[in-house]
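Following: one structure in structure tokens, then a few remarks.
The values are calculated or read from the model by the stated rules, or taken from the named source; none is laboratory data. As the structure is a prediction and not an experimental result, all values here were calculated from the model. Glycine gets a Cβ as well: all are built from the backbone with ideal geometry, and neighbour counts include every protein chain shown. Side chains are part of the model used for accessible areas, which takes the heavy atoms of the whole protein and leaves out ligands, DNA and RNA. Shrake-Rupley method; radii C 1.70, N 1.55, O 1.52, S 1.80 Å.
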Protein chains: 2
Amino acid sequence: MKTDTVFKKAFNRTLDLMVRGDIKDALPSENEVRRRLGVSRTTIRKVLAELVHRGVITTDRRRVGDRQINPVDYFPDIETLPRNLHVEQQFMEWMLRGDTKPGTLINELDLARQFGVATNGIREFLIRFSRFGLLEKRPNSGWIFEGFTEDFALELFEIRVMFELRSARLFAKQPDQSPLWPKLEALKRAHLDLLEEIEHRFHDFSSLDNRFHRLINEASPNRFINDFYDIITFIFHYHYQWNKRDEKQRNHAALIEHLAYIDALLSHDPVGVELAANAHLSSAKETLMRSLVRMGRTDGCA
Amino acid sequence: MKTDTVFKKAFNRTLDLMVRGDIKDALPSENEVRRRLGVSRTTIRKVLAELVHRGVITTDRRRVGDRQINPVDYFPDIETLPRNLHVEQQFMEWMLRGDTKPGTLINELDLARQFGVATNGIREFLIRFSRFGLLEKRPNSGWIFEGFTEDFALELFEIRVMFELRSARLFAKQPDQSPLWPKLEALKRAHLDLLEEIEHRFHDFSSLDNRFHRLINEASPNRFINDFYDIITFIFHYHYQWNKRDEKQRNHAALIEHLAYIDALLSHDPVGVELAANAHLSSAKETLMRSLVRMGRTDGCA
DNA sequence: ATATTGATTTTTATCGATAAGAGGAAGAGA
DNA sequence: TCTCTTCCTCTTATCGATAAAAATCAATAT
């Protein structure tokens, strides 16, 4: 039996639309709502039915009633997360926080019980996750966890540098009329904005980081490079979610490096691009390696 | 209910051992057989029980009887293939032979019925397969097949060249005492042997090809490069399984290129290595691209 | 006609059940 | 004491069932 997370999320989002005034008086057609929320009409109808049932809208012509919408009407956030995300989060927590050692073998059944899902869900997650190079399957037996080790990080960065330099070079070579230049300019402004407010908005850096590196790849797209960047994004997302040490400084420094990198790109100077990219990447690597060493020492020897 | 392919394969292999005379008179201990076949003792016991049941060995002390072993005693090969391999093969056939167009959407239920397995098996295969960059999942809906197109091949080769040049360079730089040099020598000899008998042994090239490129990576291992080579191996394996055109010439040419490449490596000459590697890779690319174009034309316009 | 809603069919996500296979504990034999 | 075997438990591979969500088809209204 599927979870009804899609419905609950759609319901909450519909309430949002009404609260924000994007929907007032009569509701738009089912198809219109469907388009806005990006779910099927079946789900929309369920949402509408529930709204009627709760007296938020009237049955005839579905007018928005004068009933106030309050926080209790919303489904709790957890119930709007699909199962596989749930599994992912719990697994990453198990792996990164639990200080899971290289060579640990993973027991599907055990994890399934721990996470409260069927073994199937665990297995599907593990298959998906295995492309990150941290797991290996022994047929008819379990999985072996290779460990989020220094070696892993070094190998990851070796590829990352190759790919990034390749893409940056190609980006710099684009014709002047390319639509990517204005995009890069916009991104530069976003960086400057963030820099101004770095004191309290430093969390926003990671999404900017992502946008930047993906933009670099857009100049000459290659699906394998893009896929590889998924790995980086994923690993960093979870790793730094639980390693907040020096987050502000880290992000501040990276922001400055990005700006130098962007300027080098904007100046079309290949040597400068290479230098700036290298500088940024090696500092990112440094940061990760340092935090890995620290992680390993959480048992008290530092 | 699991399939008993492990048992059947182990059974066949045990018969092989007896036929080949590796096992005569009394059988070795369960643990010994286990070690040789690489399966669990549970499975071995099942095999032994079956052998007794069929009168191939005697119950007491498990002596090999004088009953002749004949082909009928073997389980058919198909029953020794695990389910997921089955799915894989059928899917690849569906995709490559069926001339499946880019943008085709994949229906798990439909494939499950077609291949005679539960939807779960299909889904697990698709998740595993999606790392090859040919599929994309739409949550709560199906999968979309991106197509085994020219773009795909071009992107694949761009990465392949980057990785191979990197690895070849590092390989050439190894110290003289590295154990990889003798391995390379051995591989060279294998190439020469095959070259002599190319007329009727040209099928053996692909495994040699694999060994060669994996050896190159061994000098400075990187799991992501290795994983990427899995993609290449997989794609080529199936693609050329159904595109046998010019197979002999193709392999013959590649063999010659390999030899030049190997000699360049053995001479530690970085420029020569780069040239030879490039030459080989671009010819491999040529071959693939040509066969892709032909595939597209199987509808008769050529 | 065309867009909107209503009813119906298909497909996906998810669970639970079960035979096959892995592996451990302890007795039996050398 | 050590290996081999028997017995037993736990895990994986695989199926089938079912609610949720998507997709399609039919009816109605504008």
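Structure summary
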item	result
Neighbours by Cβ (under 7 Å, 6+ apart or cross-chain): first from the stretch B:64-87, within 15 Å of DNA strand D (Cβ to nearest atom); second open to solvent by 50 Å² or more (accessible area, probe 1.4 Å)	B:VAL64/B:LYS24; B:VAL64/B:ASP25; B:THR80/B:LYS9; B:PRO82/B:THR3; B:ARG83/B:THR3
Residue in the stretch A:67-85 that is more than 14 Å from chain B (Cβ to nearest Cβ), surrounded by 12 or more Cβ atoms within 10 Å (Cβ to Cβ), acidic (Asp, Glu) and more than 23 Å from A:LYS9 (Cα to Cα) present	no
Single residue of the stretch B:14-27 satisfying the filter (assigned to a loop (DSSP other than H, G, I, E, B) and surrounded by 17 or more Cβ atoms within 10 Å (Cβ to Cβ)) that is nearest to DNA strand C (Cβ to nearest atom)	B:LEU27
Residue within the stretch A:186-209 that is open to solvent by 70 Å² or more (accessible area, probe 1.4 Å), away from chain B (no Cβ under 14 Å) and under 18 Å from A:PHE171 (Cα atoms) present	no
The stretch B:1-13, residues that are in contact with an Asp or Glu (Cβ under 9 Å, 6 or more places away or on another chain) and either away from DNA strand C (no atom under 11 Å from the Cβ) or not in a helix (DSSP H, G or I) (or both)	B:THR3, B:ASP4, B:ASN12
Restricting the stretch A:118-143 to residues that are among the small types (Gly, Ala, Ser) and more than 10 Å from DNA strand C (Cβ to nearest atom), the residue that is most open to solvent (accessible area, probe 1.4 Å)	A:SER130
Where a residue in the stretch B:224-250 is over 14 Å from B:SER207 (Cβ atoms) and its partner, wherever it lies, is at pLDDT below 95 and open to solvent by 40 Å² or more (accessible area, probe 1.4 Å), with Cβ under 6 Å and at least six apart	B:TRP242/B:ARG97
Residues within the stretch A:90-100 that are away from DNA strand C (no atom under 15 Å from the Cβ) and either polar (S, T, N, Q) or open to solvent by less than 40 Å² (accessible area, probe 1.4 Å) (or both), tallied	4
Residue check for A:PRO139: more than 30 Å from A:GLU93 (Cβ to Cβ) and either part of a loop (DSSP other than H, G, I, E, B) or within 13 Å of chain B (Cβ to nearest Cβ) (or both)	no
Options A:ALA118, A:ALA172: the member that is over 23 Å from the mean Cα position of the chain (by Cα), more than 25 Å from B:ASP227 (Cβ to Cβ) and within 14 Å of chain B (Cβ to nearest Cβ)	A:ALA118
Condition met for B:PHE115 (within 29 Å of A:ASN222 (Cβ to Cβ), modelled with pLDDT of 95 or more and more than 9 Å from DNA strand C (Cβ to nearest atom))	no
Residue within the stretch A:175-183 that is under 22 Å from the mean Cα position of the chain (by Cα), away from chain B (no Cβ under 14 Å) and not small (Gly, Ala, Ser) present	yes
Where B:PRO28 falls short, out of the listed (1) more than 21 Å from the chain's Cα centre (by Cα); (2) more than 10 Å from DNA strand D (Cβ to nearest atom)	(2)
Matching residues, the stretch B:219-237, being loosely packed, with under 15 Cβ neighbours inside 10 Å, within 12 Å of chain A (Cβ to nearest Cβ) and under 12 Å from the mean Cα position of the chain (by Cα)	B:ASP230
Conditions (1) open to solvent by 40 Å² or more (accessible area, probe 1.4 Å); (2) of a type outside the set (Asp, Glu); (3) within 30 Å of A:ARG128 (Cα to Cα): number failed by A:ALA253	(3)
Residue match in the stretch B:144-160 (condition: under 25 Å from A:PHE125 (Cα atoms), more than 10 Å from chain A (Cβ to nearest Cβ), open to solvent by less than 10 Å² (accessible area, probe 1.4 Å) and modelled with pLDDT of 95 or more)	yes
Failed condition for A:PHE75, given (1) under 28 Å from the mean Cα position of the chain (by Cα); (2) in a helix (DSSP H, G or I)	(2)
Failed item in (1) in a helix (DSSP H, G or I); (2) open to solvent by less than 50 Å² (accessible area, probe 1.4 Å), with A:GLY103 passing the rest	(1)
Residue that is most open to solvent (accessible area, probe 1.4 Å) [pool: residues in the stretch B:28-61 that are within 15 Å of DNA strand C (Cβ to nearest atom) and assigned to a loop (DSSP other than H, G, I, E, B)]	B:THR59
Any hit, the stretch B:177-184, residues being exposed (fewer than 14 other Cβ atoms within 10 Å of the Cβ), polar (S, T, N, Q) and farther than 30 Å from A:LEU165 by Cβ	yes
Residue within the stretch B:87-99 that is of a type in the set (D, E, K, R) and under 24 Å from B:ASP4 (Cβ atoms) present	yes
Test for B:VAL87: is it within 16 Å of DNA strand C (Cβ to nearest atom) and part of a loop (DSSP other than H, G, I, E, B)	no
For B:ILE216: the one exception among (1) assigned to a helix (DSSP H, G or I); (2) touching a Lys or Arg at 6+ places or on another chain (Cβ under 9 Å); (3) more than 14 Å from chain A (Cβ to nearest Cβ)	(2)
